1. Please work out which residue is modelled with the lowest pLDDT, limiting yourself to segment 16-42 and to residues that are farther than 25 Å from Ala83 by Cβ and β-branched (Val, Ile, Thr).
2. Does segment 26-48 include one or more residues that are part of a helix (DSSP H, G or I) and surrounded by fewer than 16 Cβ atoms within 10 Å (Cβ to Cβ)?
3. How many of the residues in segment 66-124 are among the charged types (D, E, K, R), surrounded by 10 or more Cβ atoms within 10 Å (Cβ to Cβ) and modelled with pLDDT of 90 or more?
4. Anything in segment 51-103 that is touching a residue at least 40 places away in the same chain (Cβ under 8 Å), more than 14 Å from Asp20 (Cα to Cα) and among the β-branched types (Val, Ile, Thr)? List them, or say none.
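The values are calculated or read from the model by the stated rules, or taken from the named source; none is laboratory data. On a predicted model such as this, the values are computed, not experimentally measured, just so you know. A quick note on method: Cβ atoms are made from the backbone with ideal geometry, for glycine too, and the neighbour counts reach across all protein chains shown.
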Amino acid sequence: MRRICQETGQTVFMITHDVDEAIYLADKVVLMTNGPGAVLAEIVENPLPKSRARGDFHKHPLYYAVRNHIIDFLVSRSRSFIAEAGAGYDPRKIALVRPGLPEPAIAPSPSWPDSSRPSTSSVA
């Protein structure tokens, strides 16, 4: 299936309970909560290269960060997700997480010398 997707550029939606299979096959893994009232909880972006091979993808330096994040969700956080999200949960705004990668940082704005800082006061 991985070869077909790479060769054709087609998108595939697949359901699995095998964490390693999900990491190997997917560019994104969608995590859901438990039970009949299950909801989408997170979308995990897979940082492993698209050219990963079945025999050695587990050797990639970010593999365990991704795997541990998914396992932690399935074992611990999936049960309490709705209670913790509370009224702020919006199924149209699912969190995108990138395990093992640093969070993007916003560069600080340049400091303005007092004399050249633009004026924000209004004249009456």
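1. Looking at the filtered set, the residue picked out is Thr16.
2. Looking for residues that are part of a helix (DSSP H, G or I) and surrounded by fewer than 16 Cβ atoms within 10 Å (Cβ to Cβ), one finds none in segment 26-48, hence no.
3. Total satisfying the criteria: 4.
4. Matches in segment 51-103: Ile82, Ile94, Val97.
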